[in-house]
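Just so it is clear, none of the values below were taken in a lab; they were calculated from the coordinates. Predicted, not measured: the structure shown is a model, and the values here were computed from it. A quick note on method: Cβ atoms are made from the backbone with ideal geometry, for glycine too, and the neighbour counts reach across all protein chains shown.
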Amino acid sequence: MIKRIGRYCLMCLSVLLVQCGYQKKAKTIPLEVFFQNPVKTSFRISPDGNYISFLQPYANRLNIYVQARNGKPVRLTHEKEFNVASYFWVNNDKLFYTKNSVDKRVTQLFSVERANGNVTDLLPAGNFKVLFLNQSRVINNELLLAINMRDSSVFDVYRLNVNTCSLRLAAENPGNIVDWLADSKGQIRVARASDGVNETLLFRNSENEAFRPVLSNNFQTRIEPIGFCEKRADCIFALSSKNRDKAALVELNCSTGKEEKVIFKHQDVDVTGASYSQKNGKLVYATYETWKKQRFYLDDTLKHLYQDIEKLLPGNEVSIVSTDSAQKQLIVRTFTDKTPGAYYCYTPANKKLVKLGDINPNLPAEEMCAMKPVSYKSRDGITINGYLTLPKGSKTKNFPVVVIPHSWPHNRNSWEYNAEVQFLANRGYAVFQVNYRGSKGYGKQFWAAGFKQWGSKMQTDITDGVNWLIENKIANPKRIAIYGAGFGGYSALWGATFEPGLYRCAASYSGILNLFTFIKSIPPYYRTSLKMYYEIVGNPEKDMDYFRAVSPVFHTDKIRVPLLIAQGGKDPRVNISEANQFVKEAKKRDIPVIYLVKDEEGIYFVKPENREEFYRNLEKFLADNLGK
Amino acid sequence: MAAEKSFYRKNFALIVIFLLLVTVSLVIAWLLAYSLIKRNVENDFSSAKIDVQEEVVQPYNDFFQNRIPEISFYQGYLDSSSVAKYIDTAFTRYAFVSKVIFYDTQVSNHKIKDGLRVNKFAIGPKVVMQFKRNTKPVVLFTSTHPHTLSLKLADEFNKIAIKFSAYIESADTTKVLSNDDIFNTFYAITPNRITYMNIPRREEIRIYKDLMLKEMPFSAVYEQDVLTFYIDPLKLRIKNPHPELYQNISIRPLVYEELNNNPEFISTDIPLPGALADYKLYFSSLHSYLNKEINRRFLPVAFMILLIYSFLLGIAYLIYRNLNINSKLFKLQYDFINNLTHEFKTPVSVIKIAGNNIRSSKQLSDKERAHYGKILDEEADKLNDLMNKLLSFTQIENRSIKLKEEEINLEVFTQNIIDAYQIKHPQFDISFDIDEDITYFKSDPVLLSSVFTNLIDNAYKYSPPDRKMLHISIHRIKKNILFKFTDEGIGMEESELKHIFKKFYRIQSQYNQQGSVGLGLAFCKELINFMNGEITVSSKPGKGSEFIISLPDDYSL
């Protein structure tokens, strides 16, 4: 009897313990919550400060809503096929917005009346891409746009009259200009020309003059004009990595081509950008990214303004995304690694902060997992940075791991909220992200170290990272998966092909299957960059053996692990008949393959229902293969 | 007697018919199985050729489905040196590829000297190269020497160029290329030749369409690769996964017919697919060769049938044996009734005669009356004894009587029985000895005396008149009392011994011509079994017999 009571007590205790353990674990949050369209996002304030606009889903597509001070929100647009991609106020009565085609190669530009929601198509019929110069700076009722209308491979600058909607050529591209910059009066005075490999900075004092070259450099060196100094006509602010490894914010004399002074530089990372006030021609702050994005203030007023806001929102990263023209009201956005954040309206006069809305109110931030910066040494001694997100719970070791190499080498992973990472961490996986060599932001040398290494050193960096996780007992060596999109998908397939035994399964989301096809896919309007791509990736004719050796499509016979392949039918970088062939051969070798094709989708799935289906498949695929 | 015999029949005819039938079925089953297997083998001969075709064509299929589409993976970037590597691997892996022509093709809207122009769309080879096994590649044409492209060489190129142009003209660039489009446009398959052009991406198809249909300035030059593979089907390796069916397999032209008129010779064929379609696989075997296979397959089946047959035979034998035993039993019962009738007849007829005599004589003297009275009394006793025997035997057999156990003084008990016999048969010499320690024995005295009288009767009956002697000895061995009855009578053959305790069994002998039913010993055995004892016998013909009864002794403890 006593024994039985004892056993009963033990049972109760163990149930309690189990429940405690369970409570420490994160609640499983439905997939839709992670990947739904934001509820309210992209808040903007009208120039007079009387209206606040935002994007909100209508029929599951983002549409523009406008709300008068103390009024009710009114929906202005009724887009049912595609999300509104971006929008801005051109004046107090009118907003412009864009929609993108699936492959993002065609931009449609519309204006909509704030008062009555009348929509006007601003561009003539045809398939163009539109880039904005001086966005939201309407000068003399005119907006500067770069459009590839005349020739799909080159962008000319046009002036669009926001009232009459007439389009007028402002500068014709001789064929080699890749970037334009206008001054505060709307005069195009700086341009960047490129022959593919070498870039030349061009300058002129006024639009009446012809451009003259200031300085030339190889594409590896970055000279990015930011704005014009007010003090002298031939002086500009620019980000420059000329004669240095990490880009710095400098003042450049366009008559001599010499750097006048270095305004800000960081010893470890590139200066990634600078905020420039067109109104008074001054630099406000420089941005750089170590393990997280940071600002170096060059203007005390703004520094204090940010400090005031940060005091009100402790523990959050903040940024000012929109102001009225008098700067009496600001729209502030916050974020952390655990939440996409919220929008606030801030009035500097009384330091009052009003919350406008959460981007994803259904997401409980307390259930999300912390993203921690990590670093390790590669086999040839280079320090590689990355992030590790461990799932919630009492466990500290032996996690099932999903490795996610980022999707595009000329980019990097940042410390921020990432739905994909949080989704997988919530499902109990440790998520490992790597800024492998070739990633941008760590200086020229680190970037160039990735040239022609797509299928070699860039991949071994990822492998080294995984081995580092195994050595530190963070990863359970039998439960590691690799998943990625684009280049990440290529890495996943590369890992499945050339790292036998390391990964249990590999998932590729629009992954590059074949470097030949990838090189071939560089669109006509990037033709000038083709030579650059040949240097970065390789020359398909000269490096044919290398391309063949590292393209997964040629090596289906080496794959042993289950695959998930998701592919948009209109992805230009992957030939769908290649993907079909690849899957067919893999299946013939009895490799389990889940193959998800969406004919109407491009590089990434845009339609929410397709995106959801993909993630549902990914969830099941990982659960099945990592034994959960 | 004959009528009585027909009462129980051993029907040998039935058994013979049964055996005959089973044997006939066996033969029919064998014949049927053989003809089925023969047909089966012949069917296999004409159907298993698909397996052979699959095996033989497998490398071709691998080449066609995997290696050829690989050209597309190069996206038109192949040039003379890189294509040589690709073709080298094709040559080493696939023996049936005899020659490859490589057309390094350019697509543009320029004016070209050699090639095909549709509106502005121009597609023409820049270089044409020929690759042959074990020889150096030969450049057959370069665009730097225009108008040197021979018609024969251009033929394969034009086929695919025309298909491709037709596709470009009507291509729907909003849709993903279907498998049908791919097969109809980028492959040109004629006997012994496969021409393939790499499949461009959708983007290129859009550009090509613009080149064809729109007025445009001179465009860039786009690269396509066209390869023609010459296939020699005779170089396909023949594998024979069915050597038991096909004596010879060969690849022959489609029109080939065997002119061999040998009736022993059978053949079949199956055409090869795709670019091999000019040829067929030709299979032939001799009938005798197939017969071997038929026999091989028939043997286990025949053995199985034989096994079933022997099983049936076994069952038939068992049934026959049962019938035999039953018939023996029947004979025993019949003998018994016969004997019994006899046994009853004698006293009954004596009684009848005595009765008749008493009735017919007017006066009976005292002597006569006493004589008849004695006769009647004796014969009635005999009848009674007979009936008692029958009755008690049935009772014992059915276990319907109970042991009435008493304490018996064995010495007195035996002496009394012997005394009774000495009075009855003064010349019968009976002696006995008994161990001194045996005094009382617990048993049913009626049953025990019944056993004694039976055995003593037998000893008297089966002894010649000059040797009517019996010795009874009673001993204790362990927990049992042993009763030995040793006579010097006629004895029995060894073969009789196992039967003498059976009911109605009588030894054919002059000593039992009257008044023996064959129940005595069976009755004894039943009684002794009933008393948990055993009875055994040993005997020698002419010398005498010894019966040993062993009964458990309760006082031995």
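The table that follows gives values for the structure above.
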{"read-out": "Peptides ranked, highest mean first, by Cβ atoms within 10 Å: ranges A:563-576, B:467-480", "value": "A:563-576, B:467-480"}
{"read-out": "Other protein chain Cβ atoms within 10 Å, averaged over every residue that makes up B:67-73", "value": "5"}
{"read-out": "Lys, Arg +1 and Asp, Glu -1 on Cβ, resulting dipole of the range B:402-556 about Cα centre, debye, nearest 20", "value": "660"}
{"read-out": "Protection proxy ranking of B:444-450, B:125-131, A:484-490 - average other beta-carbon atoms within 10 Å, highest first", "value": "A:484-490, B:125-131, B:444-450"}
{"read-out": "Percentage relative contact order, chain A, counting C-alpha pairs under 8 Å, at least six apart", "value": "9"}
{"read-out": "Degrees between helix B:520-530 axis and first principal axis of chain B (Cα, 0 to 90, nearest 10)", "value": "70"}
{"read-out": "Computed FRET value (nearest 0.05) for A:GLN220 with B:LEU234, which takes r as the C-beta separation and R₀ as 45 Å", "value": "0.20"}
{"read-out": "Positive-pole candidate from B:SER361, B:TYR372, B:ASN409, dipole of the range B:357-496, charges at beta carbon", "value": "B:SER361"}
{"read-out": "Ascending count of other beta-carbon atoms within 10 Å, so fewest first, for A:TRP494, A:TRP415, A:TRP447, B:TRP30", "value": "B:TRP30, A:TRP415, A:TRP447, A:TRP494"}
{"read-out": "For chain A, with +1 on Lys and Arg beta carbons and -1 on Asp and Glu, the positive-most of A:GLY393, A:LEU313, A:SER325 along the dipole", "value": "A:GLY393"}
{"read-out": "Exercise: per-residue mean of other protein chain Cβ atoms within 10 Å, A:542-554", "value": "3"}
{"read-out": "Aspartates and glutamates with Cα under 15 Å of A:LYS279, excluding same-chain neighbours fewer than 8 positions away", "value": "A:ASP183, A:GLU230, A:ASP299, A:ASP324"}
{"read-out": "The protein assembly as shown: radius of gyration and largest Cα-Cα distance (Dmax), Å", "value": "56.6, 191"}
{"read-out": "Alpha-carbon Debye profile of the range A:176-287, log10 I(q)/I(0) at 0.13, 0.17, 0.20 Å⁻¹", "value": "-0.44, -0.77, -1.08"}
{"read-out": "CD proxy at 222 nm, helix term only [per DSSP H run n ≥ 4: -39500 (n - 2.57); per residue of chain A; nearest 500]", "value": "-6500 deg cm²/dmol"}
{"read-out": "Cβ-derived FRET efficiency at R0 22 Å, A:LYS261 paired with A:GLU207, nearest 0.05", "value": "0.20"}
{"read-out": "18 Å Cα-Cα threshold exceeded, pairs from A:LYS99/A:LYS129; A:LYS265/A:LYS311; B:LYS99/B:LYS136", "value": "A:LYS265/A:LYS311"}
{"read-out": "Simple label model, 7 Å out from Cα along Cβ direction - A:GLU366 to B:SER288, nm", "value": "9.5"}
{"read-out": "Order by protection proxy (mean Cβ within 10 Å, highest first), peptides A:110-116, A:310-316, B:340-346", "value": "A:110-116, B:340-346, A:310-316"}
{"read-out": "0 to 90° range, to nearest 10: angle between helix A:2-24 axis and chain A longest Cα axis", "value": "20"}
{"read-out": "Label-to-label distance, nm, for residues given as A:ALA623 and A:ASN91 (7 Å Cα→Cβ offset)", "value": "5.6"}
{"read-out": "Spin-label model distance (nm) - B:ALA316 vs A:ASP308, 7 Å beyond Cα toward Cβ", "value": "11.9"}
{"read-out": "The range B:55-235 - Kirkwood radius from inverse mean 1/r over Cα pairs (Å)", "value": "16.8"}
{"read-out": "Kirkwood-type radius of the range A:369-625, with distances r between different C-alpha atoms, in Å", "value": "18.4"}
{"read-out": "Cβ charges +1 (Lys, Arg) and -1 (Asp, Glu), total dipole of the protein assembly as shown, debye", "value": "3460"}
{"read-out": "Cα convex hull of the range B:402-556, projected area averaged across orientations, nm²", "value": "9.0"}
{"read-out": "Relative contact order of chain B, defined on C-alpha pairs under 8 angstrom at six or more residues apart (%)", "value": "11"}
{"read-out": "For chain A, with +1 on Lys and Arg beta carbons and -1 on Asp and Glu, the positive-most of A:ILE139, A:PHE219, A:ASN476 along the dipole", "value": "A:ASN476"}
{"read-out": "Sorted by Cβ density within 10 Å, fewest first, the residues A:GLU601, A:GLU317", "value": "A:GLU317, A:GLU601"}
{"read-out": "Computed lengthening from B:ASP429 to B:HIS475, 0.36 nm per intervening residue step minus Cα-Cα distance", "value": "14.5 nm"}
{"read-out": "Two-decimal Rg/Rh across chain A, once Rg and the Kirkwood Rh are taken from alpha-carbon atoms", "value": "0.98"}
{"read-out": "Alpha carbon centroid spacing (whole Å) that separates the range B:224-238 from the range A:348-414", "value": "55"}
{"read-out": "20 Å tail of the calculated P(r), the range A:426-502, as % of Cα pairs", "value": "33"}
{"read-out": "Candidate lysines - alpha carbon under 17 Å from B:LYS374, same-chain residues fewer than 8 apart omitted", "value": "B:LYS352, B:LYS382, B:LYS424"}
{"read-out": "Chain A: angle of helix A:300-312 to the longest principal axis, Cα-based, in degrees nearest 10", "value": "30"}
{"read-out": "Alpha-carbon centroids, the range A:144-188 and the range A:457-520: separation in whole Å", "value": "42"}
{"read-out": "In the range B:61-125, trypsin sites (Lys or Arg not before Pro) in a DSSP loop with at most 10 other beta-carbon atoms within 10 Å", "value": "B:LYS111"}
{"read-out": "19 Å Cα-Cα reach of A:LYS520 towards lysines, excluding residues that sit fewer than 8 places from it in its own chain", "value": "A:LYS104, A:LYS452, A:LYS531, A:LYS542, A:LYS570, B:LYS209"}
{"read-out": "Least to most buried among B:TYR317, B:TYR222 (fewest other Cβ within 10 Å first)", "value": "B:TYR317, B:TYR222"}
{"read-out": "The range A:500-628, relative contact order [Cα under 8 Å, separation at least 6], %", "value": "32"}
{"read-out": "For the range A:316-447, convex hull of alpha carbons as volume per residue, Å³", "value": "147"}
{"read-out": "Debye, to nearest 20: dipole size of chain B, +1 on Lys, Arg Cβ, -1 on Asp, Glu Cβ", "value": "1980"}
{"read-out": "Peptide B:219-225, shielding by other chains (average Cβ, 10 Å cutoff)", "value": "1"}
